[in-house]
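FYI, it's all coordinate maths here, none of it is from the lab. Quick caveat, the model's predicted, so the values are computed rather than measured. Please note: Cβ atoms are built from the backbone with ideal geometry, for glycine as well, and neighbour counts cover all protein chains shown.
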Amino acid sequence: MYIDTRSVEEGVAVSTTVCIIGAGVAGITLAMELDRAGIECCLLESGGYKADDDTRDLYRGDNVGIPYAFADGCRSRYLGGSSNCWGGWCRPLDPWDFDKKEWVANSGWPFGLDELTPYYQRTHTLLKLGPDNFDPVWWEQQINRHDVRRYPLMSGNVRDTVSQFSPPVRFGKVYRDVLRRSERVRVFLYANVVNIDTDSEAKEVTGVDIATLSGKRVRMNAKLFVLATGGIENARLLLASNKVQAAGLGNGNDLVGRFFMDHPRLMTGTVKFSKQWARNKLYDIKYHYQNPVVAAHGTQISSQFALTRDVIMREKLLNSRVWFFSRFFGEGSAGSEALIRCREALHRKEQPGRRARDDYLTMAAHPVDTIGFGLTRLLQLRALISDVKLQAIVEAEPNRDSRVTLSDRKDRLGLPRVKVDWRLTELVQRTFDRTFELLADELKMMGVAEVELDEPLTGRTSWPAKLEGTWHHMGTTRMHDSPREGVVDRDCKMHGVSNLYIAGSSVFPTVGANFPTITISALALRLGEHLVQRLGKSDMATVVPIGDLANARFGNVPNPEVSDLPIAAQSLVRAGGNEAV
C-alpha cells in the first residue's frame, strides 16, 4: 500500500518491524522478500511515481575530482530509483573478481562467487532474464544467424563473454502493483530521511527522521533498519547523521564515503575489418544493444571481449570488457543528438531541462545529419558507417582517496550536499592500454581486423576529456570482516551497530568489470534471507485486511499521481501523544 507522506499528520511516529530507506532495486527487492516471509516493513521513497524538479535537486552536489556527472540524468530519485535510467545489462561477476589480489590494493570480498550463485539464479525471474546460461557458444547456436558469430580468438589472451539484457525492468512500474496489493508493506512516497538517530553510544539505531519538501516531519521506529539509497546517498546520509559520532555514523575508522568507484569508459582507435567479418552484429554496441535480431528464447544479448584470467594474473591487471563501436553518419552532430533526446523522451527517460520544441527546431536546421543518422540507426545501413572504434569499461581499483564527502552547501531540507572526488589509478591506465593492445593483436592475428590504436594512457598526468563514467556508484560503505577495513560485515550489517544494514553497490569491496544491477539484486535477496532468519517467526505480522484499516484517518491523497491508491495504516498505536501510522 502507498502513503503520501505529505498528507500524514505532522509529528506522527510510525512503527514497523523493518524500515527500508530507499525504494530502488535493492529496497524494492528486499521489501518483496520480507513480504513473502510475512514480515511487516516500511519502504521510504524520496520521490513519487515520476521525476520532479524539486526532488531531483536534492541529488545535486559538487564534483571536485575527474570531470564527472553524477546527478541530473545519471540517477533517478523516484519510485524504482536508478532502475528508471538503467540500460538493462546483466552479467554476474567473474569468479576471480571476489579474490584478493596482491597487486590490487584493498581487493577481495569476504566470500566467493559460490556464496552468491543461488541468488544470482533467482535474479533471472526478478529481472526478467533468460536461462541461467552465459556461455557464448550456446547463445550463438540458439540465435543461429550468419551475422551473429563468435570471432576466432584462440591465443588464450582474449575470451568471449555474453551479457543478457533485462527489458529493462523498471522496478517502480513492474512491481508497483505488487507493493500496492501488499498488506505488510507500506510505501511512503515523498519521504526523505534526513537523520539516522542512535543511542548515546551509537550501538543501536533508535529511529529515523523523515522530512517532506512541503514541510512535514515524521518519525520512523523499527526493530531493524536498512539503508538502500545508492552508492553516493548512502555515504551522504551516514556522514550527515553525526549527532553522536561527530565524523558520521559508522565512520569511526574514517571509511564511510571512501573507496568511491565507478567503471571508467573510454573509446579508442580505428578498426578496419576484413570483408568476411564486417557485418558481425554480436560484438558491436550499435547492433547488439537491446536488438531483437540478437536474441533467443525471448532474451536479447550482447557479447564483449575480455582478457582471460591467466593473462590478468600474469600481467597483474584489472578486469575489463571491450566491444566495437560503429559510428553512424551524422553521429555527434546537433541534429543526431536532438533525435536521440526525442527517442529517449518516447521511452520516458529522465532528461532534466529538455525542451521538445528546441529539439524539433534543431533537427529542422540540420536535416541531412538528422535524417542520415536516423536512417542508419533504423535500417542498420552498413554503407553509412563512418568508422568503427573500440570501447572498453575497466574495473576501478579501490582507492581510499576517491571519495564522497559533505559540502558546506545545504539542500532545501537542511542536509549537506555532497562533494564527489572520483579518482582513478595508474593501474587503470595500464589496464586500458594492455587490454586494447592485446585485443588488437588478437584481431590482427586471426584475420578479423586491423586496429590502429590511439596514444597510450600510461604515464599521462591527466585523463582525456573523452573518459566517461558509467554511473555505477560503488564502494563507499565497503564490505569487510574487519571494522578497520570495512563499514559493513559479510551480512551487510554495519560494524558496531546492532540493527543497521546497508544494501546496494556501496557495499562492493571490488567491482569487476560487469554491470552491477544483477549483483545488487543478488545481494538484496541474500540480505532478505538473512533478515528473515534473524527476525524469526515471532516477527511475522498478523495480516490485517485492507478494508479494516483506518483509511478515514488520513483521507485521500491530494497528489494526482497517487490519488487512486489506498491510504491506510496496518495498525494504530499511541506513541508520544500522536497516533502512529
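Helix 25-36 and the longest principal axis of the Cα set of the chain meet at an angle near 50°.
Rounded to whole Å, give me the distance from the Cα center of the stretch 22-53 to that of the stretch 486-517. A separation of 18 Å, based on Cα centres. With both residues required to sit in the chain, DSSP beta bridges show an antiparallel share near 65%. Listed values for the stretch 282-297 are Karplus-derived 3J(HN,Hα) couplings in whole Hz (6.51 cos²θ - 1.76 cosθ + 1.60, θ = phi - 60°), namely 5, 10, 10, 4, 6, 10, 9, 6, 6, 9, x, 5, 9, 8, 8, 6, and x replaces Gly and Pro.
Peptides 527-537, 121-131 ordered by packing proxy, namely the average of other Cβ atoms within 10 Å per residue, highest first: 121-131, 527-537.
Pairs K100/K243; K50/K128; K173/K537; K100/K223; K275/K316: which exceed 25 Å Cα-Cα? Pairs exceeding the cut-off: K100/K243; K173/K537; K100/K223; K275/K316. Using C-alpha pairs below 8 Å separated by at least 6 residues, the relative contact order for the chain is 25 percent. Among the GluC sites (Glu not before Pro) within the stretch 35-137, those in coil by DSSP and having at most 15 neighbouring Cβ atoms inside 10 Å are E102. Stretched out straight at 0.36 nm per residue, the stretch from R217 to L375 would grow longer than its current Cα-Cα span by 51.6 nm. Name the shape class, rounded, prolate or oblate, that the alpha-carbon gyration tensor gives for the stretch 341-449, where a ≥ b ≥ c are the square roots of its eigenvalues, rounded holds for a/c under 1.5, and otherwise prolate holds if a/b is larger than b/c and oblate otherwise. Verdict is oblate for the stretch 341-449. Dipole size of the chain about its Cα centre, with +1 on Lys/Arg Cβ and -1 on Asp/Glu Cβ: approximately 780 debye, rounded to the nearest 20. The sum of -39500 (n - 2.57) across all DSSP H runs of n ≥ 4, divided by the residue count of the chain, sets its helix-only mean residue ellipticity at 222 nm to -7500 deg cm²/dmol.
Across the stretch 425-430, rounded Karplus estimates of 3J(HN,Hα) from the backbone phi angles (6.51 cos²θ - 1.76 cosθ + 1.60, θ = phi - 60°) give 9, 4, 5, 5, 4, 5 Hz, Gly and Pro being marked x.
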